[in-house]
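To start, the structure under review is shown below, and the notes come after it.
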Amino acid sequence: MPKSYDAIIIGAGHNGLVTAARLAQTGWKVLVLERRPVIGGCCVTEELWPGYKVSTAAYVNSLLRPEIIRDLELKKYGFSMLPRSPSSFTPFPDGRYLLMGPDAALTHREVSKFSTKDADNLPKYEQMLLRAAAFLEPMLMETPPDPWSNRPGDWWKLTRLAWKFRSLGRDGAQVIDILTSAASPILDRWFESEELKVTLATDAVIGAAAAPSMPGTAYVLFHHVMGECDGARGVWGYVRGGMGGISQAIAASAQAHGVDIRTDVAVERIVLRSGKVIGVALASGEEIAAPRIASCVDARTTFLKLLQPRDLPEEFVSAVQAIDYTSMTVKINVALDALPNFTAAPSTGVAPHHHGTIHIGPDRDYVERAYDEAKHGRPASHPMIECTLPTALDDSLAPPGKHLMGMFVQYVPPVGKGEWDADAFAQRCFDIVNDYAPNFKSAIQHYQVLPPAELERIYGLTGGNIMQGAMNLNALFFLRPVAGYANYRTPVPGLYLCGAAAHPGGGVMGAAGWNAAREMLRDGRP
């Protein structure tokens, strides 16, 4: 192995790039290897059609950790956010609509159209979520303790966590409820109008193989008050230039500190000697030496494809094989020659309701029925759809007068659970949006459909799961990726996980990459 680095990062997703940049800041010689011709993993901008710069996978941002933005100087390298206000628009079949966002007065007026009680309760509900977030959010940037170890450091972390939880008082019960409960019963306790409840419920299931009535979906509810956009708490925005702007800024910061990044390079296997990492072998036959490797790809790919089962403890292999990668989500990217003109809110040109996420789904029963169909092997005949129009705020993404729409759609059968026609499903989605905005179908110029199988093929996501594994309670914190290995280390000395497969999981946070780098630095350069 003639070429040698201190560390090799497998995969140039945003987390892998964060790990590389942080290590390089301290003087490590780092190489990032990316299988695709572009960097960013799912946090990427691609020119699918001439002049259209598409955020093909991830599409909005709020969760990218402010510590990472600051310490990697991402604004210096071009990272810029565009806050959305209003941030949510739900049209209903009866011609009414609900707008919500960071403008408290607007949100109160809008919710009052459906229930004055709900309008008064919504700020209290959000304050409850904020208190839960104040307890949970700091954990995102911490290495989880191992409750089964005898290490004093783990016991100290657990004791500190228990004390912090005790300090929550009665709010502790609500934190447990959020972590374990279904979204629907929590929403039923707080609100009476179905229009508000379905708008909030859609955010609880997007990207999940679950319906709002299923335990675990409440955990996602508090994400909408987490994070920030230019210092404003809980505000979600678009990234100027598309989501790839995040990855490009991190890569530029990394390269400024000497990181080498190679694309169109597939890692065939992780090379071991005497059970320890010594480098990687590429599909081309090239081998590159490094005593430290951090994998940004998911656990199944890392341990069951890039290594041999004999390299790992049998119990660990069984635990990795049991990770749930079920996905029922389709991403559809659409190029338009006109903005959708909604019957509920007629407009010419860009209007405020085009800024935020557009929720298509009139009530929670509609969402539950869609899930039930997919659960039984059929794509939903009336799918739940979330749409975004980034060109409403960033006209650099499309030719003059043209627009882009991203559609996250629930639900379709998981990979291997039924045969269905992805293009026919996309057409069904277009028909449904057209019911609310009758000019929509005639405005379509191009589109791309990414069902779970395509998300797996293109982005290397097992099962098409955008979180690199389910985000249920049994797969979070010290149980992610599997029990006993939540500290970013693996059974193979010198091999680490730095992507969404590790704590804190999916979402464009960068936290997993940052935390992994911290643990690698603690272990030291060999």
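The values are calculated or read from the model by the stated rules, or taken from the named source; none is laboratory data. Model, not experiment: these values are computed from the prediction. Here the Cβ positions follow ideal geometry from the backbone for every residue, glycine too, while neighbour counts run over all protein chains shown. Note: areas computed on protein heavy atoms with side chains; ligands, DNA, RNA excluded. Shrake-Rupley method; radii C 1.70, N 1.55, O 1.52, S 1.80 Å.
Within segment 471-499, the set of residues being open to solvent by less than 30 Å² (accessible area, probe 1.4 Å) and either in contact with a strand residue (DSSP E or B) (Cβ under 8 Å, 6 or more places away or on another chain) or polar (S, T, N, Q) (or both) comprises 481, 488, 490, 492, 494, 495, 496, 497, 498, 499.
The residue of segment 77-112 that is nearest to residue 141 (Cα to Cα), among those that are part of a helix (DSSP H, G or I) and either touching a residue at least 40 places away in the same chain (Cβ under 8 Å) or among the aliphatic types (A, V, I, L, M) (or both), is 77. Close contacts from segment 174-198, counting a first residue that is of a type in the set (D, E, K, R) and at pLDDT 90 or above and a second that is open to solvent by 50 Å² or more (accessible area, probe 1.4 Å) and part of a helix (DSSP H, G or I), with Cβ to Cβ under 9 Å and a gap of 6+ residues or different chains, come to 192/117; 194/365; 197/188; 197/190.
On the basis of being in contact (Cβ under 8 Å) with a residue 24 or more places away in the chain, closer than 23 Å to residue 356 by Cα and among the polar types (S, T, N, Q), does residue 115 make the cut? The answer is yes for residue 115.
Residues that are within 19 Å of residue 450 (Cβ to Cβ) and among the hydrophobic types (A, V, I, L, M, F, W, C) are absent from segment 13-35 altogether. Considering segment 192-213, the residues that are of a type outside the set (Gly, Ala, Ser) and open to solvent by less than 10 Å² (accessible area, probe 1.4 Å) include one that is nearest to residue 138 (Cα to Cα), namely 205. Listed by first and then second residue, the pairs linking a residue in segment 147-173 that is under 15 Å from residue 477 (Cα atoms) and open to solvent by 50 Å² or more (accessible area, probe 1.4 Å) to a residue that is in a loop (DSSP other than H, G, I, E, B) and of a type outside the set (Gly, Ala, Ser), with Cβ atoms under 7 Å apart and 6 or more places separating them unless they lie on different chains, are 157/145. Of the listed requirements (1) open to solvent by less than 40 Å² (accessible area, probe 1.4 Å); (2) in a helix (DSSP H, G or I); (3) among the aliphatic types (A, V, I, L, M); (4) farther than 21 Å from residue 91 by Cα, residue 176 misses just one: (1). Return a yes/no flag: does segment 67-74 have any residue that is touching an Asp or Glu at 6+ places or on another chain (Cβ under 9 Å), open to solvent by 30 Å² or more (accessible area, probe 1.4 Å) and modelled with pLDDT of 95 or more. No, every residue in segment 67-74 fails to be touching an Asp or Glu at 6+ places or on another chain (Cβ under 9 Å), open to solvent by 30 Å² or more (accessible area, probe 1.4 Å) and modelled with pLDDT of 95 or more. Restricting the search to strands (runs of 3 or more DSSP E) fully inside segment 4-54 and requiring at least 2 residues that are of a type in the set (Lys, Arg) and crowded, with 23+ Cβ neighbours inside 10 Å gives an empty result.
Search segment 441-456 for residues being more than 18 Å from the chain's Cα centre (by Cα) and assigned to a helix (DSSP H, G or I), and hand back the single one that is surrounded by the most Cβ atoms within 10 Å (Cβ to Cβ).
Within segment 441-456, the match that is surrounded by the most Cβ atoms within 10 Å (Cβ to Cβ) is 443.
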